[in-house]
Every structure is written in structure tokens, then in C-alpha cells.
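Single-structure report; data block below.
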Amino acid sequence: MTAPLLAIESVRYRHDAQSPEAVAGVSLRVDPGEVVGLIGPNAAGKSTLARIACGLLRPAAGSVQLRGDDAFALPRRERARRVAFLSQDEPADLPFTAREVALMGRAPHLGLWALEAPGDRALAEAALAEADALDLAGRPVAQLSGGERQRVFLARAFAQDAALLVLDEPTGALDLAHQVLLVRAVRRRAQSGRGALLVLHDLALAGAACDRLVLLRAGRLLAEGPPLEVLRPELLGEAYGTEVDVVPDPATGQPLVAPRIRR
Amino acid sequence: MKRSAAVRAAIALLALAPLVAIAVGVGLSLGAGTLPWTAALHGIEPDATVLFRLRVPRVVLAAIVGAGLSVAGVALQALLRNPLADPFIFGLSGGAAIGAALSVAVTGTALGVAGASAAGWIGLLPTQLAAILGSLAAAVLVFTLGRARGRLHPERALLVGVVFNSFASAVVIALESVLAPEKTQAVLLWLAGTLGYEPEGVLVAAGAVVLVAAAILTALAGRLNLLALGDEGAAALGVDVEATRLLAFFAASAAVGAAVALTGLVGFVGLVVPHAVRLVAGPDHRVVLPASALGGAAFLVLADAIARALFRGLGTEPPVGAVTALLGAPLFVLLLRRRT
Amino acid sequence: MTRLFALLLAAALTRQHLGPQVPAQVRRVVTLAPSLSEIVLALGAGDRLVGVTRFDDDPRLATLPRVGGYNDPEPETVLGLHPDLVLAQPAPENRGPVETLARLGIPVEAFSLVDLREIGDAMEQIGALLGLPDRGRALREDLDKHRARVRAQAARGPHPRALLVFGLDPLVVAGPRGFAGELLRDAGAINAAGDPERPFARLSVEAAVRAQPEVIVICGFDPPQGRPPIPGLPRARVETLRSTALLHPGPRLAEGLDDLVAALRGKRMP
């Protein structure tokens, strides 16, 4: 029985003394081979929880374990070797080329002088290919469009070669084809024993991509389980505060969610 | 760019080495008078003294200061994520200026005599010791005030530094209005940046400081690259952002402190050499840092040689800081136009 | 041509009168330079001084009010002292304030003190202005005689190559023109500074090294410790004159000349 890639136990977090708790006692886990989706309305605490999962924010209470080890006791580079993070707002004005940014993903594996070996460069190239960003390799990131940039940052996360991927709204800027590509890449990695925690707004995509969904609202866990169990009109209506319809996809049977808007 | 960073750094260094050699050659040839090389190399006085005890130490000093200011400029631009940062921006120039101005003001008084003895004992001039102490005090002040909630905030430290520099300017101007004209001139000249003739011990010490600082910063170069991703992005890739910042800040401050103590405020080098290097070599700090060290050394050696040679025509030496600006600005514009 | 022009200009600037006429009886004098104060004191007219600069450090003037510096005499303060005469050294920097004083109705006499002839003229003329012409002439003659005595003694030799240094960073030395260079010549030394136009000239360190002086005489300040004052000249003998006698062109130059002679011979002077 291998240790879970991520085990979060009853964490609580508030941004500062005056604000309400952003995360109020949430537990969640990601096992090897799993793709877990984190869904919920704005300010539900999804991004905060994602950062806690990566060891970037320290919870006031509860524990975070990566492969059985306390995430905050691990040396920083070891932690970065176990979990790769893609934020919602990566910087747009980088002077580096796409290839150089992808190579940055190898940083946790490099020595004192931070010099990459041929193996690192090969991994970065492969990561660019996986994210369909190979043709962007020589271009400065600052000159790319939002979607192209997103693929480069994805390549960086892939190049990090961590068992756990934590991606915060990775599909926001991507077009349909690349959304599918991303989901396929993540699922493929899951097949080889890795895992992912995806923060998603797009509920249909969440339903199609994830093995399990975690529904948050105002920092608390509302529901957790396979998509069919979580993506139900009553639960979603309560969480999002608006009426939704859920219908099965005619081809795959996966739940498709649509907000009910009467004209 | 499919070549590794190590290869690109090596290429940059190989390309710059001849530039440094040429600059050194020019630096040794130009001076307030002509130098018959053969006579000098055969030990004939006074040519031998002029070459070995005057020009060689002067060129070495220019190289050390040029390299130190340039790597400090690179580091501070990375720390602040701001291409307009120069090595003096954190208040170091203000602290050194106050130190130097005060030391000139108290010459002849009991305090001045005591200070002169202390400095002489270490092997420095009183102005130099005062400048080092001044910039040290400024660095500590900026570092302390720039902290919030236990972490160093670069933007906050920058604000403190800029305000402190203004304050220091005012103090120096006030001092100047009280001092005798000769002393005022001494302060003004120091502020404009001049390269003098330093004894060997001082050169070795300064060279060691700059070398160690440059080595530390080059080792941090990979992490400095990652800082471009933001504090969070860098931390997610395993960088200890706070420690990297502190180490880079102090290494850069040490290099600037050594430079300022010896030569006053030589402007322009630390701001422009990093940019010029980046225009040619790209943004990777693992290449930019060593390349800036060599580029800065060559640039200042050349500027100083020109400043000294102008003595023949003008009867006086313009401060090297004026020459770096006069020389560097058009050069930079040229580079900029080539690239865009 | 420029030489001629410069000479004419110098003659024109040697003595300048500004403002209303100097009264026959001068009882209240303000000086704008320590040298001029020294001349007044040497004439025995120290009791007529009512205001001096903040750089005057003669103990006899300790109680007098200060009117400013070389380049920034305060017109209001000077006016408040009701002087009959203001003595000044002309310079581009203090031209404005000095002309203001003249415009306000104060007689101003400006004396250039660049070389010994001008200094002698000034001593004589200030004596005349103060109603002490004999004493003024005596001051001049005493200085001339003293110089002649020293020259006679020095003629016997030795004649060391020397640099008379007034500043180190930048290097400022006395050229042959100007009172300091003339006194150096009186003392029998050969001025290693060449022949610059100005009385006090900036010298490049390389030129100083080429000139190979045997003696470096430092005037009026302490050189840094632990290193030769001029790099590249480790074997030159360094003498330091701490008194300000050689810095103030005036009657104390006789004393300064003696100090200089002793320094060149290698006798330590206070």
C-alpha cells in the first residue's frame, strides 16, 4: 500500500487576522493514479487549498503530507521534486524563451551552479512536445499569446517531473483543442502512477477529466466523490447559489453541467 | 538557443576576454604622458615606475571597480525586477557620501586625526574608511527598515534607499556650504568618482571582496533567473526566496561598498553594462553575471584611460564618472538600435 | 597675444576700488580674507578691525564678529558693522557680494595677492589707506630684505629639486609664478613643477613622477599615514609644514620662508 501522493488533514487557514477563514477544516487526498478536481464558487478557498497542498502557504492547523512526509518539514527542493505547481497568474512579461522557461522546471534537480545536463534538456524538450509548445521553443514568452504562454508554463510543470501536479485553472486561456490535450496529458501521467489536483471552473471538463471531485464552498467541504455523485443539481445549486441543469453526455455518459438561464 | 548555459557563459567569456585585453593595453598606454614601452620594460626610470607603480595599479583598480559595480547592478536589477536599478539605489551611495563628506569636514580636528590614524593603521585613506563605514551603516538601515512581517521586501527597501539617498544629498550640500572651498572641492570630486593610485594591499583586499561577491552571485544566478517567475513561482520550484534575496543583497552591497570606498560614486557603469550585456547575451543570469564582470572591467579601464589622456588637452582630469556617461550613453543607444 | 591680455587684465585687477571714496580717517575696517587681516594687524592697526571671515583663526581676532567666508560675505552683517572700508581679495566667486557692498555705499578696496610684488604693493597701499604710510613701506622693505638675506645664504647650495604641495587629491602644487613659487626659488630649490601658467596648478601624478623631485614639501595639512603622499615617489623626502604662514600671502611670509628653508634642509619644523 503506497503512501498517497497528497494527504491533507483538517487544515485551517486565514490570510490575516481580520479576515474570515479561507479554509476551515478541509481534508482531501490524492492517491497514485488519481486525478482529483477541486471545484466550487469564487472565494471557496480552492486556490488557497491548492497552495497549501504545494507547501506555499502554511495552515494554522492540520497537516499536509506528500508521500507520507510532512510537506513543511521537507527541504524546499525535495518538496519541489514531489509536487509541481501551476498558478493562475504566472508572470506575462518574461524575457526568457519558451525553452528556457521549460528548463526552469528542472531547477529542483540541479546542483550548486544550476547547470543543466543533457538529460535535463531532453526532458524539457519532451515536456514542450507534450504541451504542444515545441514550435514556440525559441520565442520569448513575453511575445506569446495567453494560450501559448499557458502551454509553456504547463511544459515547465511537466518538466519538473514531480509525481503530483497541482494546476490552478490550467484551462482558462486554452482553446478547446488544447483543453483536451491537457486533460489527455494529465490522465496519461496518472496512468503511470502519478497524480494531479486540478482546480477547475469548467464543470463539464471537471466531470470528464477527474476520477474524483471535491466541492468546496466558503472554505468548507460540501461534497466529495466520483463526478456522478458530486455533479448533481441540488448540490451544485446549493454550492453556486444558482440553478443548474445536469444532463449526461450522449456519447460518453459523463455529466454535463449548464447554468439555467431563461431568456 | 540549444546550447547549455555553461557553454554560452564560456562563449561570452571567450568573446569578452580579448576586449578586456585591448582595454588593458589601451589603459597602460594612455596616461598623462607618453610611455616608451621598451624603456619601461628594461627598468629605466622614471618610465618603469610610471608603468609598474602607477599605470598597472590604476588599470587593476579600474577593472576591479568596473567588475564590482556591474555584477552588483545585475544582482539588484534581478532582486527588484526593475531594469532601472543601479548599484547605488539602496542608499549605499548616500551612506558613503555622508561618510566621505564628514571625514573631509573633520580633517584637522581631534576626531579627524584619530580617524586618520585608524585608517592609516588599516592601510586606507580616512575618506575611504569613512565611506565604507557610511555605506555599511546605510545597508543596515535600509535592510532593517525594509523588512515587514519578518521578511525583506525589495520594493520597500528600495523606497527607503531612495529616500535615504535624497536625505544624504541634502546633508552633503549643507556640509559643503559650511566647509572651506578646498574641502568642498575635495568632496565634490569624490562624489563625481575618481580612480586614484592605491597601494597593493588595498587592491588585493578590494579584488578579493569583488571576486567573492561575484562568485556568490554567479552561484545564485540560477535562482535569480527563477525570481523572474515571482516569489511564488520561484518558491514552487524549490528556491528559498528570502535567503536568496538576503545573500544577493549583501554580496552586491559588499561589492559596491568596496568600489565606492576606493573611487567614490562612479555612475553609469552598474546601470548600463548589465543592459548592454543582456542585449547581446540574453537574460540568463548564469551568462549575464560573469559577462558583466568582464564587460564592466573593460569598460571602466577604457573610460579611465580616456579620462587620463584628456589631461593632456585640458590640463585637468575629468572625473571618470563623467567619462563613463559620455562614453557609455552613445554606445548604449547604438546597441539598442542594432537590436530592435 | 593671450599673454599680453592676461598681463593687462592682471594689472587692471591688481588693485580695484569700488563704491564711494574712502574717508580720510579710516576707523572701522572689515576684511574678507585672513591675509588682509594679517596685514592690518602687522600695521599695528588691529584695533580698527570690526569684522573678519569665519576662516580667520588668529587668536587676536577671536572676539571679532564673523561676516562670512571667502565667497559668501553676508552683506547685511557687513552693513550692520558700519565699516569705513572693506578690504577684499578679488575672485570670480565673490564678485557679486562685493559689488553689492559697494552699491550699498561702502568703500571697497580689492587687492590681488598673487605674487610678492602684489603683496608688497598691498601692504604699502593698505598702510596708506589707514594713514600709516611709513609702516606700510616698512612692512614691504622688511619682507624684501628678509628675502634677500635668505637668497644670499641659499646661493651657496644645495639646490634640491622640490615640489611644494598644497593638495593631494587632486595634486595641487605651486608653480614658479605666484608667491609660493617665488619663495621656493628664494630658498634655493629648483621647482620640479615645470612652468604652468597658474600660480597653483594641478599636476598629474605621472608628471610628478617624471619630474623626479628630491623633496616633497606639504603645506598646511597632514599627509595620509602609512603610504607615500605621491605614489611612485617612495624615495623622495617628505617634509610637512603645518603652520599656515606659507598659506596666507602677507607679512607672515617671512616666517613661512624660514620654515620652508628649514624643511628643505631636513630640519623638523612645528
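Derivation of every value follows stated rules applied to the coordinates shown; laboratory data play no part. Everything numeric here is computed off the predicted structure, so don't read it as measured data. Ideal geometry is used to build each Cβ from the backbone, glycine not excepted, and the neighbour counts take in all protein chains shown.
Let a ≥ b ≥ c be the square roots of the eigenvalues of the Cα gyration tensor of segment B:15-117; is it rounded (a/c under 1.5), or, if not, prolate (a/b larger than b/c) or oblate?
Values: a/c = 3.98, a/b = 1.25, b/c = 3.18.
Oblate, since a/c reaches 1.5 and b/c is not below a/b.
Please compute, for peptide C:207-214, the average count of beta-carbon atoms on other protein chains lying within 10 Å of each residue's beta-carbon.
Taking all residues of C:207-214 together, the mean is 4.
So how do A:191-200, A:79-88 stack up, highest first, on mean other-Cβ count within 10 Å? List each step's numbers first, then the result.
On the way: A:191-200: 20.5, A:79-88: 22.5.
Output ranking for A:191-200, A:79-88: A:79-88, A:191-200.
Under 1.5 on a/c is rounded, so check that first for segment C:8-104, then, if it is not, pick prolate when a/b is larger than b/c and oblate when it is not; a ≥ b ≥ c are the square roots of the alpha carbon gyration tensor eigenvalues. Please report the intermediate quantities before stating the final value.
On the way: a/c = 1.35, a/b = 1.33, b/c = 1.02.
Rounded.
Hey, got the average number of other protein chain Cβ atoms within 10 angstrom for residues in A:93-104?
That works out to 4 on average.
Going by the alpha-carbon gyration tensor, a ≥ b ≥ c the square roots of its eigenvalues, is segment C:67-171 rounded (a/c under 1.5) or, if a/c is not under 1.5, prolate (a/b greater than b/c) versus oblate? Walk me through the numbers on the way to the answer.
Details: a/c = 3.87, a/b = 1.57, b/c = 2.46.
Taking the square roots of the gyration eigenvalues as a ≥ b ≥ c, segment C:67-171 is oblate.
Expressed as a whole percent, how much of the Cα-Cα distance distribution for segment B:1-70 exceeds 14 Å?
When every Cα pair of segment B:1-70 is considered, 68 percent fall beyond 14 Å.
Quick one: if you stick a label point 7 Å off each Cα along the C-beta vector at B:ALA180 and B:ARG156, how many nm between them?
Result: 4.7 nm between the two label points.
Just flag the trypsin sites (Lys or Arg not before Pro) in segment C:134-192 sitting in loop per DSSP whose Cβ has no more than 16 other Cβ atoms within 10 Å. Write down the numbers at each step before the final one.
Details: sites: C:ARG135, C:ARG137, C:ARG140, C:LYS145, C:ARG147, C:ARG149, C:ARG151, C:ARG156, C:ARG161, C:ARG177, C:ARG185; in loops: C:ARG156, C:ARG177.
Sites meeting the loop and neighbour criteria: C:ARG156.
Which Rg and Dmax, in Å, describe the Cα atoms of segment A:182-257?
12.8, 39
Counting alpha carbon pairs within less than 8 Å and at least 6 residues apart, what relative contact order, in whole percent, applies to chain B? Display every interim value, and only then the final one.
On the way: 525 pairs, mean separation 107.7, N = 340.
Rounded, it is 32 percent for chain B.
Please report the antiparallel percentage of DSSP beta bridges with both residues in segment C:9-146, rounded to the nearest 5.
On the way: 4 of 13 bridges.
About 30 percent, rounded to the nearest 5.
Pull up the DSSP beta bridges for segment C:158-264 and report the antiparallel fraction as a percent, rounded to 5. The partial results should precede the final answer.
Working: 6 of 17 bridges.
Antiparallel bridges make up about 35 percent of those DSSP assigns within segment C:158-264.
Roughly how crowded by other chains is peptide A:105-115, in terms of the mean Cβ count from those chains within 10 Å of each of its Cβ atoms? Each step should come with its number before you reach the end.
Working: counts 1, 2, 10, 4, 1, 2, 1, 2, 9, 13, 8.
Going residue by residue through A:105-115 and averaging, the value is 5.
Determine the relative contact order of segment B:212-321: mean sequence separation of Cα pairs under 8 Å and six or more apart, normalised by residue count, in whole percent. Intermediate values should be presented prior to the final figure.
On the way: 81 pairs, mean separation 30.8, N = 110.
In percent, rounded to a whole number, it is 28.
Normalised by the number of residues in chain A, what is the relative contact order in percent for Cα pairs under 8 Å and 6+ residues apart? Mind showing how you got there, number by number?
Numbers: 546 pairs, mean separation 63.8, N = 263.
Worked out over chain A, it gives 24 percent.
Helix-derived [θ] at 222 nm for the protein assembly as shown: sum -39500 (n - 2.57) over DSSP H runs of at least 4, divide by residue count, nearest 500?
Theoretical 222 nm ellipticity from helices: -16500 deg cm²/dmol.
Could you pull out which residues in segment B:234-259 have an amide N less than 15 Å from a spot 7 Å beyond the Cα of A:GLU78, following the Cα-Cβ vector?
It comes to B:238, nothing else.
Looking at the protein assembly as shown, what % of its DSSP beta bridges pair antiparallel, to the nearest 5?
Working: 35 of 72 bridges.
Within the protein assembly as shown, antiparallel bridges account for around 50 percent of the total.
Hey, can you grab everything whose amide H is under 5 Å from the amide H of A:ASP31? Only 5+ residues off in sequence or another chain; H modelled, so Pro and N-termini drop out.
When sequence neighbours closer than 5 places are left aside, the close amide H contacts are A:LEU5.
Convert each backbone phi in segment C:120-131 into a coupling constant with the Karplus relation 6.51 cos²θ - 1.76 cosθ + 1.60 (shift: θ = phi - 60°), then list the ³J(HN,Hα) values in order as whole Hz, x for Gly and Pro.
x, 4, 4, 4, 5, 6, 5, x, 4, 4, 8, x
Based on the Cβ-Cβ distance of C:PHE55 and B:LEU326, what FRET efficiency does E = 1/(1 + (r/R0)^6) give at R0 = 25 Å, to the nearest 0.05? Don't jump to the answer; show the numbers that get you there.
Details: r = 36 Å, r/R0 = 1.44.
Once the sixth-power term is evaluated, E becomes 0.10.
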